[in-house]
Structure formats: structure tokens, C-alpha cells
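The values are calculated or read from the model by the stated rules, or taken from the named source; none is laboratory data. Not measured: the values here are computed from a predicted model. Quick reminder, even Gly has a Cβ in these numbers, built from the backbone with ideal geometry, and neighbours come from all protein chains shown. Note: areas computed on protein heavy atoms with side chains; ligands, DNA, RNA excluded. Shrake-Rupley method; radii C 1.70, N 1.55, O 1.52, S 1.80 Å.
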Amino acid sequence: EAGVVQSPRYKIIEKKQPVAFWCNPISGHNTLYWYRQNLGQGPELLIRYENEEAVDDSQLPKDRFSAERLKGVDSTLKIQPAELGDSAVYLCASSLMRQGNTEAFFGQGTRLTVV
Amino acid sequence: GNSVTQMEGPVTLSEEAFLTINCTYTATGYPSLFWYVQYPGEGLQLLLKATKADDKGSNKGFEATYRKETTSFHLEKGSVQVSDSAVYFCALRASGGYQKVTFGTGTKLQVIP
């Protein structure tokens, strides 16, 4: 079974430019997460989807970040415009939320460098 | 709010040494507890988990016991290998409906031959 797939793996952009990340979750997983992991830190949740609905976006900087999950499957995370402080690894994860199941599966992440 | 505190790294051990990575948490109720591992260049992988007090999670020779009285979930392995070199994250998911996973800052482990 394929895991969570993210692309690109690496992205280098100049500040003030836009950037987008893509995530394909594990087939059948209804819950999708975007996390940001700063260097030397643990991941922090940006947004969580249940199917196509964003049910927790309280940590998403909405002035420059946006996300969508069309048809409740793939998801994109966009930053426009990017700032130097956005340099981080952006992780996508998915899970099948059901009673007793608490495991999330993570992709390899996209390492963003803003210069 | 919920939080996870784990020992700072890096931790450097010789092969076959005993490993302990301390983790304590703050949460209301009875959270689920996890250890994730991140090998160089790879994504996070669930290493083990425990969902209630006194449960012991184990995998690949690693163990951690859910201690509610000390709010701890320390990771242990009796004999580490070079291939265990990675960053280890302690995490929790609070109880009561859906709750997000909260991660610690990670502990880098380096095992030398």
C-alpha cells in the first residue's frame, strides 16, 4: 500500500514569491493534516481536514496561507507571499478516524527554503 | 493547554548501550501517547503507542510505559544499534473526541560503532 505522498521534496524560492505544496493521502483516509516543522522543533498543526471540510485551522496564518482539499482526497497548501520565516519542512499526514484508531501516517515532507 | 516535554539532545551512545529518552506530558483526562521516529531524509513514522494508563507500547526492541502517576512515557531500548540513529519525538493526543497530536521538540540519537 502506498503511503502519504508529498511533492515537491525540496523547494527554494525568493521571499515574496508564492509557493504550493501537494499531498496525496493514503487511499481511504478521511482525515488529512498539514503540519509545519521548524528546524530543531517538533511538528505543529496548521490545518486538519475531515473529508473536504477544514475542521481545525486555528493555527493557520490566514493572511498568507491557504489550503484546500478538493473532493476530500488530495490537498494543496499555498503560501503567498512567502517570508523568510516560512522556511521549514511542511508535513502532510492522513488517518482513518474511527473508534480506537489514533494513528496518523506522515509523508516525507517538503523542505521549503525562502531566500 | 496540552504539552510534551522531552529531554534535549543530541544523545550519543555506543552500539549495544542502553537507551532512555525521557518524556513527560501535561494534559487533562487520559491522552493517548506516542513515540514517532524520523530517520535522516525520511518522514515521521509511528514507533509505538499506548492508549491507557499502565499500557506498554513496544516495537523493534523499543518500549515505553504509560505512567499516569508521573505523567511520563519514557522510551527505552536495551541495546541500541547504529541503525537506530534518528530523531525521536514524543507526542500525545488528548482524550475527548477529536484532538490534535501535540509533539515534543524531538531528541536526536546518534549511535556510534
> When the Kirkwood radius is taken over all Cα pairs of chain B, what Stokes-Einstein diffusion coefficient follows at 37 °C and 0.692 mPa s, in µm²/s?
Replying inline: 234
>> At R0 = 22 Å, how high is the FRET efficiency between residue B:79 and residue B:42 if r is their beta carbon distance? Nearest 0.05 is fine.
In response: 0.45
> Which value, in Å to one decimal place, does the Kirkwood hydrodynamic radius take for region A:16-115 when every pair of different Cα atoms is included?
Replying inline: 13.7
> In nm, to one decimal, how far is the modelled label at residue B:112 from the one at residue A:12, with both set 7 Å along Cα→Cβ?
Replying inline: 3.2
>> Explain nothing, just compute: Karplus ³J(HN,Hα) = 6.51 cos²θ - 1.76 cosθ + 1.60, θ = phi - 60°, for every residue of region B:58-64 in order, whole Hz, x for Gly and Pro.
In response: 8, 5, 6, x, 8, 9, 8
>> Run through region A:1-65 and list the GluC sites (Glu not before Pro) located in a DSSP loop whose Cβ has at most 11 other Cβ atoms within 10 Å.
In response: A:1, A:14
> trypsin sites (Lys or Arg not before Pro), restricted to region A:14-60: which are DSSP loop and have at most 11 other Cβ atoms within 10 Å?
Replying inline: A:16
>> Counting each pair of different Cα atoms once, what's the Kirkwood radius of region A:53-92 in Å, rounded to one decimal?
In response: 11.4
> Among the listed pairs A:11/B:60; A:71/B:100; B:52/B:108; B:68/B:108; A:78/B:60, which are separated by more than 30 Å between their Cα atoms?
Replying inline: A:11/B:60; A:78/B:60
> In nanometres, what is the gap between the two model label sites at residue B:68 and residue A:39, each 7 Å from Cα along Cα-to-Cβ?
Replying inline: 4.2
> Taking Rh as the Kirkwood radius computed over C-alpha pairs, what is the Stokes-Einstein D of region B:43-90 at 10 °C in a medium of viscosity 1.306 mPa s, expressed in µm² per second?
Replying inline: 137
> For region B:57-113, what is the accessible area per residue in Å² when the probe is 1.4 Å?
Replying inline: 41
> Equivalent-ellipsoid semi-axes (√(5λ), Cα gyration tensor) for the protein assembly as shown, whole Å, largest first?
Replying inline: 29, 21, 16
> Using the Karplus equation 6.51 cos²θ - 1.76 cosθ + 1.60 (θ = phi - 60°), what ³J(HN,Hα) coupling, rounded to whole Hz, does each residue of region A:64-80 give in order, writing x for Gly and Pro?
Replying inline: 10, 9, 9, 8, 8, 9, 6, 6, x, 10, 5, 9, 10, 10, 10, 10, 7
> Each residue of region B:73-88 in order: what ³J(HN,Hα) in whole Hz does its phi give by Karplus 6.51 cos²θ - 1.76 cosθ + 1.60, θ = phi - 60°, with x for Gly and Pro?
Replying inline: 8, 6, 8, 9, 8, x, 8, 7, 10, 4, 5, 7, 4, 5, 9, 10
